[in-house]
Amino acid sequence: MNFKEGAIIYVNKPYGWTSFGVVNKVRYFVCRKQGVKKMKVGHAGTLDPLATGVMILCTGKATKRIEEFQYQTKEYVATIRLGATTPSFDLEKEIDATYPTEHITRELVEETLRQFVGSIEQVPPAFSACKIDGKRAYDLARKGRDVELKPKTLVIDEIELMDCALPDIRIRVVCSKGTYIRALARDIGFALHSGAHLTALERTRVGDVRLEDCLKLDEIEAWVEQQEITPDEGDTTSHIGINY
């Protein structure tokens, strides 16, 4: 193992952590193990603080592969509360409006979800990492600034209704890079002539990497310490996961 030459680490991001915070923690452990003061460490796709699940981290020279992982198909399981909206489309902000749900049935939900399969246009949330004039949209939104984002084309490969205990529904979504599940929840609520926001979100897969392949954050320090450091030469890119 040589973290400077490149390692790919699969992490199950815990609830409440930012993606940046996870990267910083892993960077600290690998730098200490490698005996260096700094090292490139990046992730292949942001997860919101209130989301959990698969994150792919790349160290050293393996950071060149980040874009490759970003373009891989992603799978999520999302719990959506119908009948209420929040400014952030999730639980980060308080409910700002409520809407009727009496007309919503399981059959209507299933019919509505089918409308979102395929190539769609989606406006990203104001509370997102999208950049406006070099600044993150969420920084502007949290300061009370008006944020206008342009719609983006993306692809939803599959949507499955896993549970329907109205006003809550749970769905499985397989989608392309750039899909905001919070925005999908917003749009589903609108299509149902109601409102909606996320109450839980888990990324269950990125490409072929699944949750069971991932290290929990509190396991990473021990796994890093178990690795035997090799010289800075040759192709030593390694994958670290729960079954490594």
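What follows is calculated from the coordinates using simple rules that are stated; it is not laboratory data. Note that the coordinates shown come from a computational prediction; the quantities given were computed from them, not determined experimentally. Quick reminder, even Gly has a Cβ in these numbers, built from the backbone with ideal geometry, and neighbours come from all protein chains shown.
Kindly flag which residue pairs out of LYS25/LYS150; LYS38/LYS74; LYS25/LYS152; LYS40/LYS177; LYS33/LYS216; LYS74/LYS152 have an alpha-carbon separation exceeding 25 Å in this structure.
Values: LYS25/LYS150 34 Å; LYS38/LYS74 30 Å; LYS25/LYS152 32 Å; LYS40/LYS177 23 Å; LYS33/LYS216 18 Å; LYS74/LYS152 17 Å.
Long pairs (Cα-Cα over 25 Å): LYS25/LYS150; LYS38/LYS74; LYS25/LYS152.
Summing charges over all other residues whose Cβ lies under 10 Å from the Cβ of PRO124, with Lys and Arg as +1 and Asp and Glu as -1, gives +3.
I need to check one value: relative contact order of the chain, counting alpha carbon pairs closer than 8 Å and at least 6 residues apart, in percent. Show your work: numbers first, answer last.
Numbers: 519 pairs, mean separation 78.0, N = 244.
Worked out over the chain, it gives 32 percent.
For the pair GLU221 and THR18, the difference between a 0.36 nm per residue extended length and the Cα-Cα distance amounts to 71.3 nm.
The label-point distance for VAL36 and GLN70, in a model that sets each label 7 Å from Cα toward Cβ, rounds to 2.1 nm.
Cβ crowding within 10 Å, taken as a proxy for footprinting-reagent exposure, orders LYS74, LYS177, LYS38, LYS61 from fewest neighbours to most as LYS38, LYS177, LYS61, LYS74. Sorted ascending by nearby beta carbons within 10 Å, beginning with the fewest, MET55, MET162, MET39 become MET162, MET39, MET55.
Based on a Kirkwood Rh over C-alpha pairs, give the Stokes-Einstein translational diffusion coefficient of the chain at 25 °C and viscosity 0.890 mPa s in µm²/s.
Numbers: Rh = 19.2 Å.
It diffuses with D of about 128 µm²/s by this estimate.
What is the antiparallel percent of DSSP beta bridges lying wholly in the chain, to the nearest 5? Let's see the in-between values first.
Working: 45 of 53 bridges.
Antiparallel bridges: around 85 percent, rounded to the nearest 5.
For an R0 of 30 angstrom, estimate the FRET efficiency from the Cβ-Cβ distance between ASP208 and GLU107 and round to the nearest 0.05. The computed FRET efficiency comes out at 0.30. Between HIS193 and LYS93, the C-beta separation translates, for a Förster distance of 22 Å, into a calculated FRET efficiency of about 0.45. Summary of packing: across the peptides 45-53, 105-113, the per-residue average of other C-beta atoms within 10 Å ranks them, highest first, as 45-53, 105-113.
May I ask for the net charge around TRP223, where only other residues with Cβ less than 11 Å from the Cβ of TRP223 are counted and Lys, Arg are +1 while Asp, Glu are -1? It would help to have the intermediate numbers written out before the result.
Working: positive: LYS33, LYS216; negative: ASP218, GLU219, GLU221, GLU225.
Residues near TRP223 contribute -2 overall.
Each of ASP163 and GLN115 was given a label point 7 Å from its Cα along the Cα-to-Cβ line. The distance between the two points is 2.6 nm.
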